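Worksheet: one structure, shown below.
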């Protein structure tokens with residue numbers, strides 16, 4: 001902020017608010033955190049009814065929280081950002097340089113800040129907190145290990161319950177129940193959207209369960225995430241209820257080879273695009289072209305907006321970066337396959353956080 005002559009920084013991305021304050025309440029009302037060089041703690045501005053949760057969840061002192069009034073609700077021309085602007089104006093910052101996460105704001109919200117702060121110099125700080133979040137602390141890694149164990153439990157529960165004749169809804173209820181109950185004495189603290197794509201929908205990466213019933217021969221692509229204190233650790237596994245087809249066996253071997261090749265080259269100092277190239281070339285040698293990227297950074301929320309394991313990416317991996325190494329491949333509109341692990345980059349290689357069997361689950 002000093003280098004860019006910024007007197008205040010306004011944070012509006014929910015994941016960044018969690019990172020800076022510890023707040024994990026999932027409020028859908030507009031809120032913001034204002035960072036001022038003159039204050040040791042940021043100022044959290046949120047709807048009045050959500051202040052109680054902030055008091056319980058965050059490290060902030062009560063005088064660092066401002067609850068805005070209900071008058072800002074239900075009016076198309078007003079929202080919580082008006083309270084943020086009032087705070088800035090009240091502290092004499094109307095003609096200062098102010099940083100905003102412009103990429104996180106709607107056009108209307110960005111225009112609100114510009115129109116109500118016409119003398120301020122607006123500076124885009126969209127990726128500042130993202131870059132800081134990318135490298136995890138040891139405490140964050142410990143929480144992600146707990147979330148990973150929950151992901152593993154969900155994968156194994158799916159293998160236990162999915163059978164021909166079972167409704168997809170009943171299977172997902174068992175899986176989600178496991179994600180909530182957790183494991184090793186650590187419950188899940190949030191339910192991330194689970195993706196269960198069965199037979200006619202296995203070419204779809206991002207659909208949920210349907211009203212259908214599993215049949216003999218059904219293939220199921222499952223993508224879930226264990227969550228601890230908003231830290232998400234995803235995992236993907238593929239299941240077949242009966243004898244797998246030759247094509248399914250071949251793509252499993254190809255994607256497994258690609259995954260293991262990626263794990264062998266990931267380490268601090270590796271270039272993300274080079275890792276992706278190794279993965280893509282390996283799967284192609286086995287007869288399948290992977291069209292999607294090979295992974296992405298994870299942490300608070302399912303996906304961070306920092307580094308993707310993507311062809312051409314020149315960014316260098318650092319210790320304690322965490323990724324969802326995703327070998328999902330959607331070959332045709334009616335055929336796809338998923339396999340993934342969540343990982344931590346280390347100085348000498350990689351720690352695989354998720355530990356469920358790396359197999360094509362064949363269920364009777």
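Table for the structure above
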read-out: Angle between the chain longest axis and helix 246-265 axis [Cα atoms, degrees, rounded to 10]; value: 50
read-out: Calculated FRET efficiency for the pair residue 27/residue 107, C-beta based, R₀ 25 Å, to 0.05; value: 0.70
read-out: Residue 96-residue 40 FRET efficiency (beta carbon distance; Förster radius 22 Å; 0.05 resolution); value: 0.65
read-out: C-alpha long axis of helix 168-181 to longest principal axis of the chain, angle in °; value: 60
read-out: Order of 303, 65 under a 10 Å beta carbon neighbour criterion, fewest first; value: 303, 65
read-out: The stretch 135-363 - percent relative contact order, Cα under 8 Å, separation 6 or more; value: 24
read-out: Packing-based exposure ordering (other Cβ within 10 Å, fewest first) of 236, 103; value: 103, 236
read-out: Label selected from (i) 41, 24, 18; (ii) 38, 20, 18; (iii) 31, 26, 21, the criterion being semi-axes √(5λ) of the Cα gyration tensor in Å as computed here; value: (i)
read-out: Distance in nm between pseudo-label sites at residue 142 and residue 62 (7 Å out along the Cβ direction from Cα); value: 3.0
read-out: 12 Å cut-off, amide nitrogen to a point 7 angstrom out along residue 121 Cα→Cβ, residues in the stretch 53-96; value: 95-96
read-out: Spin-label proximity, residue 86 to the stretch 17-51 - amide N less than 18 Å from point 7 Å beyond Cα toward beta carbon; value: 29-34, 43-51
read-out: Gain in span if fully extended, residue 206 to residue 289, counting 0.36 nm per residue against the direct Cα distance; value: 27.9 nm
read-out: Which of 10, 129 has the fewest Cβ neighbours within 10 Å, and the rest in rising order; value: 129, 10
read-out: Förster radius 56 Å - calculated FRET efficiency between residue 180 and residue 3 (Cβ-Cβ, nearest 0.05); value: 0.80
read-out: Zone residues, the stretch 297-336, relative to residue 346, backbone N less than 14 Å from point 7 Å out along Cα-to-Cβ; value: 319-321
read-out: Cα long-axis angle, helix 272-285 against the chain (0 to 90 degrees, to the nearest 10); value: 20
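Values quoted throughout were computed directly from the atomic coordinates according to the rules given, and no laboratory measurement underlies them. Since the structure is predicted, the reported quantities are computational estimates derived from the model, not experimental observations. Cβ atoms come from the backbone with ideal geometry, glycine included; neighbour counts cover every protein chain shown.
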